[in-house]
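Taking it in order: structure first as structure tokens, then the write-up.
The values are calculated or read from the model by the stated rules, or taken from the named source; none is laboratory data. Not measured: the values here are computed from a predicted model. Here the Cβ is made from the backbone with ideal geometry for all residues, glycine too, and neighbour counts use every protein chain on show.
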Amino acid sequence: MQRIFTFVAQAAIVTCLLTGITVWASAQDSSSQADNTKVNRNDTQPTADQQKLDHSDRDIAKQIRQSVVKDKSLSTYAHNVKIISQNGMVTLRGLVRSEDEKRAIEADAAAVVGQDKVTSEIEVQPKK
């Protein structure tokens, strides 16, 4: 009798673990939808991986990124907007969920470098 109970208990534990792994894997799949790499590819303009190694440009991008990430009201899409700083000019590129998010990120960048030095290529894509 004890063997049957042990077997049932082990089966229940395995079932719970497999269910948990399945739920976790499903959650990972849905979060990967925030990958907007295709949208951010643009052969004619600088991309984040082409960021200059100039200390002041890196510092500008860092300050803007910290400000964006600190705002917990922004979506994952907004937190993943690309910030490219070259020669003191900033380009913002990516998808956000609302006009409010777009304005918030643009304001964060403008607070660091000034409105006239920010080019926004942010697009709004509401949640489906």
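How many residues are surrounded by fewer than 19 Cβ atoms within 10 Å (Cβ to Cβ), of a type outside the set (Asp, Glu) and without any contact (Cβ under 8 Å) to a residue 40 or more places away in the chain when one looks only at segment 94-126?
Final tally of qualifying residues: 13.
Being in a helix (DSSP H, G or I) and not acidic (Asp, Glu) is the filter; apply it to segment 107-128 and report the residue that is farthest from Lys70 (Cα to Cα). Even if it seems obvious, please write down each step before you answer.
Within segment 107-128, the subset in a helix (DSSP H, G or I) is 107-113, 115-117.
Now narrow it down to the ones that are not acidic (Asp, Glu): 107, 109-113, 115, 117.
Working: Ala107: 14, Ala109: 13, Ala110: 16, Ala111: 15, Val112: 15, Val113: 18, Gln115: 20, Lys117: 22 Å.
Taking the candidates together, the pick is Lys117.
Given Ser56, Ser32, which one is surrounded by fewer than 18 Cβ atoms within 10 Å (Cβ to Cβ), part of a helix (DSSP H, G or I) and at pLDDT below 55?
Only one candidate passes the filter, namely Ser32.
Residue by residue through segment 76-93, note down the ones that are over 9 Å from the mean Cα position of the chain (by Cα) and either buried (at least 23 other Cβ atoms within 10 Å of the Cβ) or not basic (Lys, Arg) (or both).
Answer for segment 76-93, where residues must be over 9 Å from the mean Cα position of the chain (by Cα) and either buried (at least 23 other Cβ atoms within 10 Å of the Cβ) or not basic (Lys, Arg) (or both): Ile83, Ile84, Ser85, Gln86, Asn87, Gly88, Met89, Val90, Thr91, Leu92.
Filtering segment 88-106 down to residues that are in contact with a helix residue (DSSP H, G or I) (Cβ under 7 Å, 6 or more places away or on another chain) and not in a strand (DSSP E or B), which residue is nearest to Asp59 (Cα to Cα)?
The residue in question is Gly88.
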